[in-house]
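All remarks here apply to the structure that follows.
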Amino acid sequence: MPLSLGQVLYEPKDPIEYAYFPHQAMVSLVSIVENGATTEIGLVGNQGMVGLPILWGGTSSLNRAIVQVAGSAQRIRADIIKDEFSRGGELQKLLLLYTQALFTHTAQTAACNRQHTIEKRLARWLLSARDCTLSNDLLLTQEFIATMLGTGRSGVTIAAVTLQRAGMIRYSRGKITIIDGENLEDAACECYRVVKNEFQRLFEVERGLS
């Protein structure tokens, strides 16, 4: 099924009726505080699943799941995937490994938001978005990125200009294109590599490659 930009897959405390497996779409898991401010705590792309609380025995989450990059996804009813997960086997094994990887991503994001500059965080976030969508072209506004990073738009603008002047990205009318991924990785904080390496390690273990 198609997922459209800005589509909310579930809201805090609402029953989660479906699990989603994005193909080229990218979904943000967003924390919302009392004053309405939002901060992204996780990204889900082609390597993951939206709706993990279904498998943990809960029927809802305290976070919002919102589509950041439009694209396609597979959708399955909550009761069906819960039953299949309970059977054990390969599906359960893969989803448990993904749960561990996502926990690492969430924990590292929390540390990153506290410790690193906006420029490093932006570089990290763009690389993560590229990995989620398998594309160097990202249809994203600076205002939207600022909301996800929990910072002001002016700070994101300055960081984006710095990365663009360095020849790493190109930004125009709501579209960001990564043109030098290697140097963008050098500009990012270590959080990008920590999370990427953990995903690779866990799924190499699953394939018996470690």
Please compute the contact order of the chain in relative form: average sequence separation of alpha-carbon pairs under 8 Å and at least six residues apart, divided by the residue count, as a percent. 22 percent
Take the chain, connect every pair of alpha-carbon atoms lying under 10 Å apart with a spring to form a Gaussian network, then pick out the residue of V156, V27, V44 with the largest mean-square fluctuation. V156
Got a sec? Which residues in the stretch 28-62 would a label at M1 touch, if it sits 7 Å along Cα→Cβ and we count backbone N under 15 Å? 50-51
What accessible area per residue comes out for the chain, rounded to a whole number of Å², with a 1.4 Å probe? 51 Å²
Would you list which aspartates and glutamates come within 19 Å of K93, measuring only between C-alpha atoms, while excluding same-chain residues fewer than 8 positions from it? D79, D83, E84, E198, E204, E206
Counting only trypsin sites (Lys or Arg not before Pro) that are in a DSSP loop and have at most 15 other C-beta atoms within 10 Å, tell me the longest site-free stretch of the chain. 88-172
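Order E190, E182, most accessible first, counting only protein heavy atoms with a 1.4 angstrom probe. Don't skip to the answer; put the middle values down first.
Values: E190 95, E182 145 Å².
Putting E190, E182 in descending order of accessible area: E182, E190.
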Give the span of the chain's Cα atoms along each principal axis, as three whole-Å numbers ordered largest to smallest. 53, 44, 31
Accessible surface of the chain [probe 1.4 Å, protein heavy atoms]: carbon and sulfur percent: 51 percent
Would you check the accessible area of D131, probe 1.4 Å, heavy atoms only, in square angstrom rounded to 10? 50 Å²
Residue among V30, V194, V50 with the largest mean-square fluctuation in a Gaussian network model of the chain, springs linking Cα atoms under 10 Å: V194
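The values are calculated or read from the model by the stated rules, or taken from the named source; none is laboratory data. These numbers were taken from a predicted model, which means no experiment stands behind them. Heads up, the Cβs are rebuilt from the backbone with ideal geometry, glycines too, and the neighbour counts pull from every protein chain shown. Ligands, DNA and RNA are excluded from the accessible area calculation, which covers all protein heavy atoms including side chains. Shrake-Rupley method; radii C 1.70, N 1.55, O 1.52, S 1.80 Å.
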